[in-house]
Every structure is written in C-alpha cells, then in structure tokens.
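Engineer: Below you will find the structure I want to go over with you.
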C-alpha cells in the first residue's frame, strides 16, 4: 500500500506542476513584454528541463514497481495501474520527441537571440504540453482508481 501511495503522490504532484505551468505560468508570461517574457520563459525551461526528467522517470518507475509482485495488486487494480503506466510511458516518449527539443532551444534564448519563429515554437511547446498534461491527468485518475480497486 505504501508503494501505491508513493506512486499516487508523485504522479499527482507532477500533474499539479504541469497543470500550473500550462494554465497559469505560461499564460501569465505571454502577457508580459518581450524583455520580461523571454528571460523568464528561458529560466523556467532551464529549471524544469533539469527537474522534470527525474520526476517523470521516477513517477513512471514507481508505477512500474506496482505491477511487480511487490505491488500486491489484485487483477482489477493491476489492469488499471498497467493502463496508467502505459500512458506515463507514452508521455515520456512523447516528451522526448516533442516538447523536450523545443524546451532545450528555449532555454538558450535571450531577447537578442530569438529565432524568427520563436512565437510559433512557444505555441507548439504549449500545445504539446497541454496534450502531455492531459494524458498525465488521465494516468493519475487511473492510478487513483487502482487504489480504490485494491
């Protein structure tokens, strides 16, 4: 039960963080003048680019451990946790293919060194981030459901 609670808390906190970035941080940054927007967006890209790989992989690993015999899940709980894990794995792979390369570019931006398509790149990152966040929220709901099926 402790492992399952740890997996739920880790994924839940990550979902909250991801939702905060999508719904509040980036929209607030988008309303700022470029001289504020770009350095802040770049700063967040650096910080979250360092933290999120550990958080996403750690959360996914906790969910994976639930599926091993040490998780002690019954068939129904195991099935739901497995679907949650599948979504988390997809989110990690999707991140590596979509938002991470854009994030790595944004992390190097300054107001003086913006590429011509910087707004389009930010928009694409935001779109990918909403897709990933939505998937992670579904994975979280499934993981919570697996706990109730225990």
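The values are calculated or read from the model by the stated rules, or taken from the named source; none is laboratory data. Since the structure is predicted, the reported quantities are computational estimates derived from the model, not experimental observations. With ideal geometry, Cβ positions are generated from the backbone for all residues, glycine too; neighbour counts draw on all protein chains shown.
Engineer: Would you pick out the residues in region 60-71 that are closer than 17 Å to residue 134 by Cα and without any contact (Cβ under 8 Å) to a residue 12 or more places away in the chain?
Structural biologist: Residues of region 60-71 that are closer than 17 Å to residue 134 by Cα, as a first pass: 60.
None - no residue of region 60-71 is closer than 17 Å to residue 134 by Cα and without any contact (Cβ under 8 Å) to a residue 12 or more places away in the chain, so the list stays empty.
Engineer: Could you give me the residue pairs with C-beta distances under 9 Å whose first residue belongs to region 1-19 and is touching a residue at least 12 places away in the same chain (Cβ under 8 Å), whose second residue is outside any helix (DSSP H, G or I) and surrounded by fewer than 17 Cβ atoms within 10 Å (Cβ to Cβ) wherever it lies, and which are 6+ apart or on separate chains?
Structural biologist: 1/72; 1/150; 3/72; 4/72; 4/150
Engineer: Assess whether residue 16 counts as being closer than 25 Å to residue 94 by Cβ and touching a helix residue (DSSP H, G or I) at 6+ places or on another chain (Cβ under 6 Å).
Structural biologist: Details: closer than 25 Å to residue 94 by Cβ: yes; touching a helix residue (DSSP H, G or I) at 6+ places or on another chain (Cβ under 6 Å): no.
For residue 16, the condition - closer than 25 Å to residue 94 by Cβ and touching a helix residue (DSSP H, G or I) at 6+ places or on another chain (Cβ under 6 Å) - is not met.
Engineer: Based on what the data block shows, is residue 135 in contact with a helix residue (DSSP H, G or I) (Cβ under 9 Å, 6 or more places away or on another chain), without any contact (Cβ under 8 Å) to a residue 12 or more places away in the chain and either surrounded by fewer than 16 Cβ atoms within 10 Å (Cβ to Cβ) or assigned to a helix (DSSP H, G or I) (or both)? Don't jump to the end; show me each part of the working.
Structural biologist: Working: in contact with a helix residue (DSSP H, G or I) (Cβ under 9 Å, 6 or more places away or on another chain): yes; without any contact (Cβ under 8 Å) to a residue 12 or more places away in the chain: no; either surrounded by fewer than 16 Cβ atoms within 10 Å (Cβ to Cβ) or assigned to a helix (DSSP H, G or I) (or both): yes.
It is false that residue 135 is in contact with a helix residue (DSSP H, G or I) (Cβ under 9 Å, 6 or more places away or on another chain), without any contact (Cβ under 8 Å) to a residue 12 or more places away in the chain and either surrounded by fewer than 16 Cβ atoms within 10 Å (Cβ to Cβ) or assigned to a helix (DSSP H, G or I) (or both).
Engineer: Moving on to the next point. In region 27-41, which residues are in contact with a helix residue (DSSP H, G or I) (Cβ under 6 Å, 6 or more places away or on another chain) and in contact (Cβ under 8 Å) with a residue 24 or more places away in the chain?
Structural biologist: Step one: of region 27-41, the residues in contact with a helix residue (DSSP H, G or I) (Cβ under 6 Å, 6 or more places away or on another chain) are 29, 37, 40-41.
Listed by number, the list holds a single entry, 41.
Engineer: Output the residue which, of all residues in region 19-34 that are at pLDDT 95 or above and more than 19 Å from residue 127 (Cα to Cα), is surrounded by the most Cβ atoms within 10 Å (Cβ to Cβ).
Structural biologist: 32
Engineer: Additional query: State all residues of region 72-120 that are surrounded by fewer than 12 Cβ atoms within 10 Å (Cβ to Cβ) and touching a residue at least 12 places away in the same chain (Cβ under 8 Å); if no residue qualifies, say none.
Structural biologist: 74, 108, 110, listed by residue number.
Engineer: Now for a different question. Residue under question is residue 149, and the condition is that it be over 20 Å from the mean Cα position of the chain (by Cα), touching a residue at least 40 places away in the same chain (Cβ under 8 Å) and either under 26 Å from residue 3 (Cβ atoms) or surrounded by fewer than 16 Cβ atoms within 10 Å (Cβ to Cβ) (or both); does it hold?
Structural biologist: When the stated conditions are applied, residue 149 passes them.
Engineer: Residue 57 passes all but one of (1) surrounded by 15 or more Cβ atoms within 10 Å (Cβ to Cβ); (2) free of Cβ contacts under 8 Å to residues at least 40 places away in the same chain; which number fails?
Structural biologist: (1)
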